[in-house]
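Enquirer: Got a structure for you, written out below as structure tokens; questions coming shortly.
Here, each number is a calculation from the coordinates, and none is a lab measurement. As the structure is a prediction and not an experimental result, all values here were calculated from the model. Cβ atoms come from the backbone with ideal geometry, glycine included; neighbour counts cover every protein chain shown.
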Amino acid sequence: MKKTCLTALIILGSYFAQAQKSNIPSSVKNVEAKVDSLLALMTLEEKIGQLVLYNGSWDLTGPASNLDARQKEQNIKNGRVGAMLNVLSVEATTEAQKLVMENSRLKIPMLFGYDVIHGYSTIFPVPLGETASWDLEAIEEAARIAALESVANGVNWTFSPMIDVSRDARWGRIMEGSGEDPFLTSVVGVAKIKGYQGNDLSNPRTIAATAKHFAGYGFAEAGRDYNTVHLGENELHNTILPPFKAAAEAGVATVMNSFNDLDGIPATGHKVLQRDVLKEAWGWEGFVVSDWASITEMIYHGFAKDKTHAAEIAIKAGSDMDMEGGSYEEGLANLVKDGKIDENLLDDSVKRVLRVKFKLGLFEDPYRYANKDLLGQLSVKEHMAVARDIARKSMVLLKNEKNILPLRSTLKNIAVIGPLADDKDTPIGNWRGQGEANSAVSVVEGVKNAVGSGVKVTYAKGTDLGMGERSFLMPLEINKTDRSGFAEAVEVARKAEVVLMVLGEDAFQSGEGRSQVEIGFAGLQQELLEEVYKVNKNIVLVLMNGRPMDISWAAENLPGILVTWQLGSESGNAIADVLFGKYNPSGKLPVSFPRSVGQEPLYYNQKNTGRPSSPEHVTFSGYTDSEKDALFPFGFGLSYTTFEYGEPKISASQMSPGEKLELSFTLRNTGKVKGREVVQLYLRDVIASATRPMKELKDFQLVELAPGESKSIKFIIDDKMLQFYSANRIWESEAGDFELFLGGNSEDLKKVTFSLNK
Ligand code: BGC
């Protein structure tokens, strides 16, 4: 006991001695001891300050221009602010950090956060697109580069990855995540976290990541952003939480909560989620940041009567930091003084924030993430090469009748038509960081770069998609009347051997707040397509999209469809690589493409229901005016070659506790070119204490094969793979029969069975 007190005194003593220099003594090696010693020095106001996150909405490199900014600056100087967001540039973050380091009593450095979602200045495919690559190494590398470019601008904390499982194409933010499957979302999320954070958070070339939005945000009713979420416990645990558990296990530094109310409780005020599950049951030690003003928004939810009440609910529920809402600033001090909240609760939140700051190495050097030397590293050739590589891996070939693709080298006259064909901005996507407007390589440019001088490439826009100014906050105005470009487009198409129709969505049709009730081609695009089709049927649809779209007419009528999402800086070059066969497409859909919007939310991992099918009459679970399945299912994507799946073999038909089974089969490239296949393994638990999906993705492998080459592929089946959140309200496996499915998409699968004994 005596020894402990003495150590604490030494730590504190030396801390006081060094505090003026802003450094915790290097002799105090252990982060927890450092956190505790610092906490012991803090006043109530200083503690609350660590839980306040300001938007840097004013110019920090000059004198504060207005009263609000001056007040905020003063608060920073007084150590009342723990972090800022949207402060960009080495100069601005340095100036902001100086306000704390040169004026506040304890000199606790601030964090600088930013939405680095798919790149900082080199822009990679939108997250839904990069997930279609199923290439975890490539995804990790893109995140590593995004981190490096962030540090070059003083940013040390990204609000990414978004790991909300999302199954509704109407929801605009579906572009920001990894789609409909919890397993795929988990592994992609972990790859991104590794890319941002590296192995050591204190490395000044890595940044802290944020897993968001905790939880259920992607299940907004009717796909309307911020809307209420109805989620049963079973679905919450089996579908929504697994990616967050994986992120917590991967050591994600922070988690962001969400705007939505979840079965009556706003996620920001959800104690079971944040305290009991995330912090207690999973033992996660980072801090929870609120979403933008989501603490204060509990007033609008009808859950808190004012900011102080909102602060009380949020801190008790485990929300540690208040983003821009002002509730903690306004309410926490009185709540403690009035005895409404225990100061220990506050201490826990503060410790979590300090822990991240220590791990980032900010106490050793508060300016370590403002690295001017890296400025030369923005959008450099090497980063662009990585952007092109992941962009080409992300495209999904949905249709290729009579091998219209790759385009033949004998072609002499190619038409590139459509409002997105020469659009240099849409490929940058929404949530574009500091990606420069109009900086992407357009499809027209990419195609021209790829062909020799003997090939005529003619471009016609045909129609505008959006009109007027485009911005992050305002809705996009769609052109519904101007057909003045139609005639030219039709003429260009008539003379061409092949037409590349570049249609889809503007960058500002998906993203936050951009929910839609229609998911077909907006404006006059469909009309233009059908006019062109009348004169030339040799059309490849080059789709640009941030969500799954209704492309049923195109699927029925056109020979070629290539999904390109919004591919980032190198978009046009990557698209040309695929169109001309320089890269053999290998992407697979991370979301189901519906036959019509009425099927949404649509996803492959559905339950069987008690009325799965009966074609003779209507009393089964389906639609009377449509098929119920997807037009293009999850996991689907063609290649310029073909793959043959051999019969799968399982090492035993019975599995006992602690045992593992091996599933093996031979994959053969039966075509004429080298190709890469995403081999997918799905599982069904046939009878369980709570109903299970008809199939669930459990593992996958990327396999590259030369023409004619075969490879033996193995998957290991272990108990963990069989576990689910059962009727006993725990994760466990249950004895009984299981089905395993192997294949190149979620529908064409080969089956083997086994049973688990217990
Ligand atoms: C979004 C978050 C984002 C935050 C900060 C919110 O509106 O929901 O995902 O990180 O703003 O920009």
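Enquirer: DSSP loop trypsin sites (Lys or Arg not before Pro) in the range 722-751 with at most 16 other Cβ atoms within 10 Å of their Cβ, which ones?
Expert: Loop-located and lightly packed - Arg729.
Enquirer: Still on this structure: How compact is the range 430-478 by the rule of thumb for globular proteins, expressed as Cα Rg over 2.2 N^0.38 Å?
Expert: It is 1.55.
Enquirer: For the range 74-127, what class follows from the C-alpha gyration tensor (a ≥ b ≥ c being the square roots of its eigenvalues): rounded when a/c is under 1.5, otherwise prolate if a/b is larger than b/c, else oblate?
Expert: Values: a/c = 4.12, a/b = 2.70, b/c = 1.53.
Prolate, because a/c is 1.5 or more and a/b exceeds b/c.
Enquirer: Where Rh denotes the Kirkwood radius from the mean inverse Cα pair distance, what is Rg over Rh for the range 505-556?
Expert: 1.00
Enquirer: Next question. In angstroms, what radius of gyration and Dmax does the range 64-177 have, counting Cα atoms only?
Expert: 17.5, 50
Enquirer: Apply the Karplus parameterisation 6.51 cos²θ - 1.76 cosθ + 1.60, with θ equal to phi minus 60°, to every residue of the range 264-275 and state each ³J(HN,Hα) to the nearest whole Hz, in sequence, with x for glycine and proline.
Expert: Couplings: x, 10, x, 4, 5, x, 8, 5, 4, 5, 7, 8 Hz.
Enquirer: Just from its helices, what would the mean residue ellipticity at 222 nm be for the chain, if runs of 4 or more DSSP H residues each count -39500 (n - 2.57) and the sum is divided by every residue, rounded to the nearest 500 deg cm²/dmol?
Expert: Numbers: 19 runs with 205 residues, N = 758.
Theoretical 222 nm ellipticity from helices: -8000 deg cm²/dmol.
Enquirer: For the range 397-455, what ratio Rg/Rh do Cα atoms give with a Kirkwood hydrodynamic radius?
Expert: Rounded to two decimals, Rg/Rh equals 1.06.
Enquirer: Is the C-alpha gyration tensor of the range 571-655 telling us rounded, prolate or oblate? Criteria: a/c under 1.5 is rounded; beyond that, a/b larger than b/c is prolate, otherwise oblate.
Expert: Oblate is the answer for the range 571-655, as a/c is 1.5 or above yet b/c matches or exceeds a/b.
Enquirer: So if R0 is 25 Å, what FRET efficiency would Leu375 and Leu67 give, r being the distance between their Cβ atoms, rounded to the nearest 0.05?
Expert: So the FRET efficiency works out to roughly 0.15.
Enquirer: How far apart, in nm, are the 7 Å Cα→Cβ label points at Glu488 and Asn413?
Expert: Rounded to a tenth, the inter-label distance reads 1.9 nm.
Enquirer: Work out from phi, with θ = phi - 60° and the Karplus expression 6.51 cos²θ - 1.76 cosθ + 1.60, the ³J(HN,Hα) of each residue of the range 613-624, listed in order in whole Hz, and give x for Gly and Pro.
Expert: Rounded to whole hertz, the list is 6, 6, x, 6, 9, 8, 7, 9, 7, x, 10, 7.
Enquirer: Taking the Cα centre of the chain as the origin, how large is its charge dipole in debye, to the nearest 20, when only Lys and Arg (+1) and Asp and Glu (-1) carry charge on their Cβ atoms?
Expert: For the chain, the charge dipole is close to 1520 debye.
Enquirer: What is the packing order of peptides 344-350, 398-404, 708-714, taking the mean over residues of other C-beta atoms within 10 Å and listing the highest first?
Expert: Answer by packing, highest mean first, reads 344-350, 398-404, 708-714.
Enquirer: Which of the chymotrypsin sites (Phe, Trp or Tyr not before Pro) across the range 610-703 are loop residues per DSSP, with 14 or fewer other Cβ within 10 Å?
Expert: Phe620, Tyr623
Enquirer: With +1 assigned to the C-beta of every Lys and Arg and -1 to the C-beta of every Asp and Glu, and no other charges, what is the dipole magnitude of the range 141-230 about the Cα centre in debye, to the nearest 20?
Expert: 140 debye
Enquirer: What residues qualify as long-range amide H neighbours of Leu407, i.e. H under 5 Å apart, gap of 5 or more or another chain, H built at 1.01 Å from N?
Expert: Excluding prolines and chain starts, which carry no amide H, the hits are Phe580, Gly581.
Enquirer: Using the Karplus curve 6.51 cos²θ - 1.76 cosθ + 1.60 with θ = phi - 60°, what ³J(HN,Hα) values do you get for each residue of the range 636-641, in whole Hz, with x for Gly and Pro?
Expert: Result, ordered by residue: 7, x, 8, 9, 7, 10 Hz.
Enquirer: Please compute the volume of the convex hull spanned by the alpha-carbon atoms of the range 240-298 and report it per residue in Å³.
Expert: For the range 240-298, the hull spanned by Cα atoms encloses 75 Å³ per residue.
Enquirer: Now, a different point. Report the charge-dipole magnitude of the range 262-363 in Debye, nearest 20, computed about the Cα centre from +1 at each Lys and Arg Cβ and -1 at each Asp and Glu Cβ.
Expert: Result for the range 262-363 is approximately 280 debye, rounded to the nearest 20.
Enquirer: By its C-alpha gyration tensor, with a ≥ b ≥ c as the square roots of the eigenvalues, how is the range 625-755 shaped: rounded for a/c under 1.5, else prolate for a/b larger than b/c, else oblate?
Expert: The shape class here is oblate.
Enquirer: Further question: So how much slack lies between Thr670 and Asp629, counting 0.36 nm per residue of separation and subtracting their Cα-Cα distance, in nm?
Expert: Between Thr670 and Asp629, full extension yields an extra 11.9 nm.
Enquirer: Could you please rank His230, His237, His617, placing first whichever residue has the fewest other Cβ atoms within 10 Å of its Cβ? Display every interim value, and only then the final one.
Expert: Values: His230 12, His237 20, His617 6.
With the fewest neighbours first, His230, His237, His617 line up as His617, His230, His237.
Enquirer: If amide H atoms are built 1.01 Å from N in the plane of the peptide, which residues on other chains or at least 5 residues away come under 5 Å of the amide H of His213?
Expert: For His213, whose amide H was placed from the backbone, the distant partners under 5 Å are Ile163, Asp164.
Enquirer: If you don't mind, there's one more thing I want to ask. If you wrap a convex hull around the Cα atoms of the chain, how much volume per residue is inside, in Å³?
Expert: So the per-residue Cα hull volume is 181 Å³.
Enquirer: As I understand it, the value is the acute angle between the Cα axis of helix 182-197 and the longest principal axis of the Cα atoms of the chain; what does it come to in degrees, rounded to 10?
Expert: It works out to around 60 degrees.
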